[in-house]
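K.L.:
Just passing along the structure, written as structure tokens.
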Amino acid sequence: MAASSPAPQGSFVVDLAELSVADLATVGGKAANLGELIRAGFDVPPGFCVTTAAYRRAVRGSAVESGTITDAAAARAAVLEAPFPYEVARAVREAYDRLAPRAGAVAVRSSATAEDLPGASFAGQQDTYLDVAGVDDVLDAVHRCWASLWTDRAVAYRAAQGIEGAGVALAVVVQRMVDAESAGVLFTADPVTGRRRQAVLDAARGLGEAVVSGSVDPDHFVVDTATGRILDRRPGGEADQPASVTDAQVRALAALGDRVERAFGSPQDIEWAIDGDGHAWLTQSRPVTTLFPVPVRDAPRPATDTRVYFCVSLAQGLHRPITPMGIAAFRVIGSGFLDLIGRRPARIVDGPGAFAIGGERIFVDATPVVRSAVGREIFPRALDVMEARSAVVLRGLFDDPRFTVLPRSRRRFARGFLHLAARIRLPLLLGQAFFSPAAAQRRVQRLAAEVRARDIAGGDIPTRVDGVVDLLLRTMPLAPRSLPGAVVGFGMLGLAARLLRGSTQPGDLQTVLRSVPDNVTTQMDLELWDVAVRARRDAESAAALRTRDAEDLADAYLAGALPAVLQRAMANFLARYGHRAVAEIDLGMPRWAEDPTHLFGVLTGYLRLDTDAATPAQHFAAGARDAEAMIDTLVHRARERSRLRAAAAGFCLRRARALVGMREMPKFLMIIAMRRARAELVAIGVELAAAGRVADPADVFFLDFDETNRAAAGTDMRATVRERRDRYNAELRRRHVPRMLLSDGTEPEAVGAGSAADQPGALRGTPASAGTATAPARVILDPVGAHLEPGEILVAPSTDPGWTPLFLTAGGLVMEMGGANSHGAVVAREYGIPAVVGVAHATETITTGVDVTVDGASGVVTVPLRSAGS
């Protein structure tokens, strides 16, 4: 919509027809949106807005204005006790007199400045009063609307959205009531499945407030917006009552909603009413804030060509958004992979054409995989062990006629695979791992040393940016060269499973993979534990960890001012692992060497363990013994059938243990390169900040490579960075990220989704680490600064290596993402803690502090009914 001049500052009353989004701070989201609807030519009942200036005048000099009241009830009382300002009352009377001859009864509705925004709707948080007649009653309703800014629910909602209460204000809309025959709510996109251009309509006779409040059972309709076809209808109320709206009205309302969506540029939540003459009026429109953004590709495709997008960042254990520079790095890495299969893009920084960005997360267009016979055979099987729930969702798309297999897909796959195999000498690497795991491990260590030795040449900023791109590009081919050892290991495990078919029990093969050697992440965690052991033995170091917060300890370490034992131990640890981080695949995230705050928080948690409790090192050693004992047991069982079968099974199981620990190496190599790349970009950020092109050195990570070069050439990027930081911070609050999403907005997992389990209180996932544990749950969305008491059940959306120090003290693990061989599952097995992964909506269903039971062999998490249903 075209921008317009804002309403005069300081006005107490403004006509709705004069308002636009430019007036948001003055009239709030509801009034601003009504003004935009009127400007766009939609029929809106006439009315006026009592602006935020009136509210501020009413609370002037009170404790509410000063922000000294934090209790919601006290704030409400203070607003209600404040006298209604005379000048505001006069302005409202005059406006009501102008409206009253035509209005009769009016609706008085709250309109907050932090309301109906793209990131937070605030629906129903403040009060509305209907059928208000007479100016005295209108003034009373306005006063009560002001007080509703401080209802318990509104205060809690603001806190959840990270909105400071002291900065908000309330405007009030006074609007002619529609004498409604029927009314209700219209979503222009399905709020459950996410599908765009599929209108969902709830309607009832009389006022729409009954539908909004849930006090009636409405008629329900689903409409294909493009065709006007009614896809679903469910009558509400009594079975013998006629519908509150006709089919023609349903189609007309869906078409009207489509026009509103196009005017606002995003899916809308619309309130409407139809009067006795059959005329439709819009009484509210706001963005549907719960929808996940549809991923956007650089090369758009026709809307009729439905695509399947797979969330790569979530599958990598990253729930949080990725910075723009982190996304830019992924594009370069993706170009490196394309180069390996003979499809190098014209511009390296553009990355694969299949890359798509949604909600600041990385998706990949998986449609060619779904339409490929080979893809259908390989990709779901890989997901079975890495991200099992995604495999289920993916297979559910195979019967969809939009994704039928295309001819000649096998030939295209074969060309790419053969090119990759030749480039990395795959047969040689597979053979080496099979015959000599030790040689394969030495080769991988040489690759790590090669990456560490790489540097970036100096020069001007564009030259150094090119050096960062080249470093990431040249490191990419080394990653797949480190993977064949783990591939052979998992292949051996699969072969052993076949040989032992009928001789294993649930959890047996998981036990074989406990405490495997040569896992760089496990080694890192155990070395961090050693830091805690050294600190505990030194009185000064132990006292520092017990009495100082993590941020203070991190600052002291960076200043070289920690107690000597702790300072030296952390320096040695970070010399080996300082390139790692939480969300480490994002180039924009600080490495532990830059900010070790998270590590000090973990160390503090380690010291809370009982000194008589078994140490993680002891748990790890016990896990190795259990694994060897299980191999002996399984070999013994196989010997009852055949000595040859027993020998083959034993060989496969021991090869698997010797090799699967190398599964972390491809990412590990890339993270080593990222640390050097990040260090160069930090230095570039310092120069750009000094030149005034960005406000802060860290702002460079909210640009991409091309934009960094433009900043070096003189372009001021501060406004761009501010807008991106705001969007990034909003995405940090998102609780749910879809595993897969269609290009029409549909989340396949949500279509026809029922309970996550087949019995009350039971959540089903994928068995990941055998054993049973019952303990209080701790739901953690971000490990930085997280507090996990020893023995608690860690419940997380997903995990990456930055999370795993928490595993050492966890009593069990529940993850929304992952499969039996995902990162979190492997580490849980190595530490001997029960784990279930791929549990849909675990972080939303389980409540912190509630006792849950994790059965890692059956893949069931049992939650008390009072938590599971809440």
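K.L.:
Identify the single condition in (1) of a type outside the set (Asp, Glu); (2) in contact with a His (Cβ under 9 Å, 6 or more places away or on another chain); (3) assigned to a loop (DSSP other than H, G, I, E, B); (4) farther than 30 Å from Ala647 by Cα that Ser515 does not satisfy, given that it satisfies every other one.
P.N.:
Only one criterion in (1) of a type outside the set (Asp, Glu); (2) in contact with a His (Cβ under 9 Å, 6 or more places away or on another chain); (3) assigned to a loop (DSSP other than H, G, I, E, B); (4) farther than 30 Å from Ala647 by Cα is unmet by Ser515, namely (4).
K.L.:
Name the helices (runs of 4 or more DSSP H) wholly within the range 51-170 that hold at least 1 residues that are of a type outside the set (Asp, Glu), surrounded by fewer than 18 Cβ atoms within 10 Å (Cβ to Cβ) and modelled with pLDDT under 90? Full working, then the answer.
P.N.:
Values: elements: 52-58, 63-66, 72-81, 86-103, 135-147, 152-160.
In the range 51-170, 63-66, 72-81, 86-103, 152-160 are the helices (runs of 4 or more DSSP H) which contain 1 or more residues that are of a type outside the set (Asp, Glu), surrounded by fewer than 18 Cβ atoms within 10 Å (Cβ to Cβ) and modelled with pLDDT under 90.
K.L.:
Pull up the range 298-321, narrow it to residues that are at pLDDT below 90 and farther than 29 Å from Gly802 by Cβ, then point me to the one that is nearest to the chain's Cα centre (by Cα). Break it down stepwise before answering.
P.N.:
First, pick out the residues of the range 298-321 that are at pLDDT below 90: 298-305, 313-319.
With farther than 29 Å from Gly802 by Cβ added as a condition, the list becomes 298-305.
On the way: Asp298: 22, Ala299: 24, Pro300: 24, Arg301: 25, Pro302: 27, Ala303: 26, Thr304: 28, Asp305: 26 Å.
That would be Asp298.
K.L.:
I've got another one for you. Being among the hydrophobic types (A, V, I, L, M, F, W, C), under 27 Å from Glu551 (Cα atoms) and outside the structural domain of Ala683 (by TED's automatic domain parsing), is that true of even one residue in the range 623-632? Full working, then the answer.
P.N.:
We begin by selecting, within the range 623-632, every residue among the hydrophobic types (A, V, I, L, M, F, W, C); these are 624, 627, 629-631.
Going one step further and asking which of them are under 27 Å from Glu551 (Cα atoms), we end up with none.
Looking through the range 623-632, none of the residues is among the hydrophobic types (A, V, I, L, M, F, W, C), under 27 Å from Glu551 (Cα atoms) and outside the structural domain of Ala683 (by TED's automatic domain parsing).
K.L.:
May I pose another question? Spot the failing condition for Phe398; the list is (1) outside the structural domain of Arg676 (by TED's automatic domain parsing); (2) surrounded by 14 or more Cβ atoms within 10 Å (Cβ to Cβ), and only one is missed.
P.N.:
Looking at each condition in turn, Phe398 falls short on (2).
K.L.:
Considering only the range 696-752, state which residues are of a type in the set (Gly, Ala, Ser) and either over 13 Å from Ile461 (Cβ atoms) or exposed (fewer than 15 other Cβ atoms within 10 Å of the Cβ) (or both). Outline the logic, then answer.
P.N.:
Within the range 696-752, the first condition is being of a type in the set (Gly, Ala, Ser), and the residues that meet it are 698, 711-714, 719, 730, 743, 745, 750, 752.
Ala698, Ala713, Gly714, Ala719, Ala730, Ser743, Gly745, Ala750, Gly752, listed by residue number.
K.L.:
Within the range 618-639, identify whether any single residue is crowded, with 19+ Cβ neighbours inside 10 Å, assigned to a helix (DSSP H, G or I) and hydroxyl-bearing (Ser, Thr, Tyr), and answer yes or no.
P.N.:
no
K.L.:
Also, I was wondering about something else. Of Gly467, Gly502, Gly507, which residue is without any contact (Cβ under 8 Å) to a residue 40 or more places away in the chain and of a type outside the set (A, V, I, L, M)? Step through it out loud before you land on a result.
P.N.:
On the way: Gly467 fails: without any contact (Cβ under 8 Å) to a residue 40 or more places away in the chain; Gly507 fails: without any contact (Cβ under 8 Å) to a residue 40 or more places away in the chain.
After applying the criteria, what remains is Gly502.
K.L.:
Any residue at all in the range 433-443 that is of a type in the set (Ser, Thr, Tyr), closer than 30 Å to Asp626 by Cβ and surrounded by fewer than 22 Cβ atoms within 10 Å (Cβ to Cβ)? Working first, answer last.
P.N.:
Keep residues of the range 433-443 that are of a type in the set (Ser, Thr, Tyr), which gives 436.
Cutting the leftovers down to closer than 30 Å to Asp626 by Cβ gives us 436.
Applying the additional criterion that residues be surrounded by fewer than 22 Cβ atoms within 10 Å (Cβ to Cβ) yields 436.
Yes, that holds for at least one residue.
K.L.:
Oh, and also: Suppose we filter the range 471-510 for residues that are assigned to a helix (DSSP H, G or I), basic (Lys, Arg) and more than 19 Å from Val444 (Cα to Cα); how many remain? Write out each step before concluding.
P.N.:
As a first pass, look at the range 471-510 and keep what is assigned to a helix (DSSP H, G or I): 471-475, 478-481, 484-499, 508-510.
Applying the additional criterion that residues be basic (Lys, Arg) yields 474, 481, 498.
Narrowing the set further to residues that are more than 19 Å from Val444 (Cα to Cα) leaves 498.
Qualifying residue count for the region: 1.
K.L.:
Check Arg678, Arg727, Arg722, Arg735 and return the single one that is under 27 Å from His319 (Cα atoms), in a loop (DSSP other than H, G, I, E, B) and out of contact with any helix residue (DSSP H, G or I) (no Cβ under 6 Å at 6 or more places or on another chain).
P.N.:
Details: Arg678 fails: in a loop (DSSP other than H, G, I, E, B); Arg727 fails: in a loop (DSSP other than H, G, I, E, B); Arg722 fails: in a loop (DSSP other than H, G, I, E, B).
On inspection, the qualifying residue turns out to be Arg735.
K.L.:
On the basis of being farther than 30 Å from Gly494 by Cβ, in contact with a helix residue (DSSP H, G or I) (Cβ under 8 Å, 6 or more places away or on another chain), of a type in the set (Asp, Glu) and not in a helix (DSSP H, G or I), does Asp586 make the cut?
P.N.:
yes
Residues checked against (1) touching a strand residue (DSSP E or B) at 6+ places or on another chain (Cβ under 6 Å); (2) surrounded by fewer than 22 Cβ atoms within 10 Å (Cβ to Cβ); (3) among the aliphatic types (A, V, I, L, M):
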site: Asp298; (1), (2), (3): no, yes, no
site: Phe310; (1), (2), (3): yes, no, no
site: Phe330; (1), (2), (3): yes, no, no
site: Phe337; (1), (2), (3): no, yes, no
site: Leu340; (1), (2), (3): no, yes, yes
site: Ala346; (1), (2), (3): no, yes, yes
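K.L.:
Something else now. State which residue is farthest from Asp470 (Cα to Cα) when the search covers only the range 344-358 and only residues that are not charged (D, E, K, R) and not in a loop (DSSP other than H, G, I, E, B). Before the answer, list the steps.
P.N.:
Filtering the range 344-358 for residues not charged (D, E, K, R) gives 345-346, 348-349, 351-358.
Now drop any that are not not in a loop (DSSP other than H, G, I, E, B), which leaves 348-349, 355-358.
Details: Ile348: 9, Val349: 10, Phe355: 20, Ala356: 22, Ile357: 23, Gly358: 26 Å.
Result: Gly358.
K.L.:
Which of the residues belonging to the range 251-266 are touching a Pro at 6+ places or on another chain (Cβ under 7 Å) and in a loop (DSSP other than H, G, I, E, B)?
P.N.:
Ser266
K.L.:
On the given criteria, is Pro235 surrounded by fewer than 22 Cβ atoms within 10 Å (Cβ to Cβ), more than 38 Å from the chain's Cα centre (by Cα) and not assigned by TED's automatic domain parsing to the domain that holds Gly47? Explain how you work it out, then say what you get.
P.N.:
On the way: surrounded by fewer than 22 Cβ atoms within 10 Å (Cβ to Cβ): yes; more than 38 Å from the chain's Cα centre (by Cα): no; not assigned by TED's automatic domain parsing to the domain that holds Gly47: yes.
The answer is no for Pro235.
K.L.:
Which of the helices (runs of 4 or more DSSP H) found entirely inside the range 760-870 contain at least 1 residues meeting this: modelled with pLDDT of 85 or more and crowded, with 24+ Cβ neighbours inside 10 Å? Working first, answer last.
P.N.:
Numbers: elements: 823-831, 842-845, 865-868.
Ranges flagged: 842-845.
K.L.:
Looking at Arg645, Arg663, which is the one that is assigned by TED's automatic domain parsing to the domain that holds Ala698, part of a helix (DSSP H, G or I) and surrounded by fewer than 23 Cβ atoms within 10 Å (Cβ to Cβ)?
P.N.:
Working: Arg663 fails: surrounded by fewer than 23 Cβ atoms within 10 Å (Cβ to Cβ).
Going through Arg645, Arg663 in turn, the sole match is Arg645.
K.L.:
Sort through Ala356, Ala391, Ala373, Ala382 and tell me the only one that's modelled with pLDDT under 90 and crowded, with 20+ Cβ neighbours inside 10 Å. First the steps, then the outcome.
P.N.:
Details: Ala356 fails: modelled with pLDDT under 90; Ala373 fails: crowded, with 20+ Cβ neighbours inside 10 Å; Ala382 fails: crowded, with 20+ Cβ neighbours inside 10 Å.
Criteria check complete, one pass: Ala391.
K.L.:
Let me ask another. Which condition breaks for Ala373 when tested against (1) free of Cβ contacts under 8 Å to residues at least 40 places away in the same chain; (2) touching a strand residue (DSSP E or B) at 6+ places or on another chain (Cβ under 9 Å)?
P.N.:
Ala373 satisfies all of (1) free of Cβ contacts under 8 Å to residues at least 40 places away in the same chain; (2) touching a strand residue (DSSP E or B) at 6+ places or on another chain (Cβ under 9 Å) except (2).
K.L.:
Mind listing just one residue for me: the one in the range 720-755 that is β-branched (Val, Ile, Thr) and touching a strand residue (DSSP E or B) at 6+ places or on another chain (Cβ under 9 Å) and, of those, modelled with the lowest pLDDT?
P.N.:
Keep residues of the range 720-755 that are β-branched (Val, Ile, Thr), which gives 720-721, 737, 746, 751.
Keeping just the survivors that are touching a strand residue (DSSP E or B) at 6+ places or on another chain (Cβ under 9 Å) gives 737, 746.
Numbers: Val737: 89, Thr746: 92.
Restricting to residues being β-branched (Val, Ile, Thr) and touching a strand residue (DSSP E or B) at 6+ places or on another chain (Cβ under 9 Å), the top hit is Val737.
K.L.:
So, one more: With the requirement that a residue be buried (at least 16 other Cβ atoms within 10 Å of the Cβ), of a type in the set (A, V, I, L, M) and modelled with pLDDT of 95 or more, what does the range 247-272 give you?
P.N.:
Within the range 247-272, Val250, Ala252, Leu253, Ala254, Leu256, Val260 qualify.
K.L.:
Could you tell me which of the residues Ala569, Ala617, Ala556, Ala622 is over 35 Å from the mean Cα position of the chain (by Cα), on the phi < 0 side of the Ramachandran plot and of a type in the set (A, V, I, L, M)? Reasoning before the result, please.
P.N.:
Details: Ala569 fails: over 35 Å from the mean Cα position of the chain (by Cα); Ala617 fails: over 35 Å from the mean Cα position of the chain (by Cα); Ala556 fails: over 35 Å from the mean Cα position of the chain (by Cα).
Only one candidate passes the filter, namely Ala622.
K.L.:
Considering every residue within the range 748-770, establish whether at least one is more than 30 Å from Asp851 (Cα to Cα), under 21 Å from the mean Cα position of the chain (by Cα), in contact (Cβ under 8 Å) with a residue 40 or more places away in the chain and outside the structural domain of Gly334 (by TED's automatic domain parsing). Let's see the steps before the verdict.
P.N.:
In the first step, residues of the range 748-770 are kept if they are more than 30 Å from Asp851 (Cα to Cα); the result is 748, 751.
Remaining after also requiring under 21 Å from the mean Cα position of the chain (by Cα): 748, 751.
Going one step further and asking which of them are in contact (Cβ under 8 Å) with a residue 40 or more places away in the chain, we end up with 748, 751.
Now drop any that are not outside the structural domain of Gly334 (by TED's automatic domain parsing), which leaves 748, 751.
There is at least one residue in the range 748-770 that is more than 30 Å from Asp851 (Cα to Cα), under 21 Å from the mean Cα position of the chain (by Cα), in contact (Cβ under 8 Å) with a residue 40 or more places away in the chain and outside the structural domain of Gly334 (by TED's automatic domain parsing).
K.L.:
Restricting attention to the range 273-287, and to residues there that are in a strand (DSSP E or B) and more than 28 Å from the chain's Cα centre (by Cα), which single residue is surrounded by the fewest Cβ atoms within 10 Å (Cβ to Cβ)? Before you say what the answer is, go through the steps one by one.
P.N.:
Taking the range 273-287 and keeping what is in a strand (DSSP E or B), we get 273-275, 280-287.
So of that shortlist, the ones also more than 28 Å from the chain's Cα centre (by Cα) come out as 273-275, 280-284.
On the way: Ala273: 21, Ile274: 23, Asp275: 15, Ala280: 18, Trp281: 18, Leu282: 23, Thr283: 25, Gln284: 25.
Result: Asp275.
K.L.:
A further question follows. Assuming Thr290 fulfils every condition listed in (1) surrounded by fewer than 21 Cβ atoms within 10 Å (Cβ to Cβ); (2) not in a loop (DSSP other than H, G, I, E, B) apart from one, which condition is it?
P.N.:
That leaves (2) as the condition not met.
K.L.:
Can you name every residue in the range 558-579 that is out of contact with any helix residue (DSSP H, G or I) (no Cβ under 6 Å at 6 or more places or on another chain) and either part of a helix (DSSP H, G or I) or crowded, with 22+ Cβ neighbours inside 10 Å (or both)?
P.N.:
Leu558, Ala564, Gln567, Arg568, Ala571, Asn572, Leu574, Ala575, Arg576
The values are calculated or read from the model by the stated rules, or taken from the named source; none is laboratory data. Here the structure is a predicted model, which means the values were calculated and not measured. Neighbour counts are summed over all protein chains in view; Cβ atoms, including those assigned to glycine, are modelled from backbone coordinates with ideal geometry.
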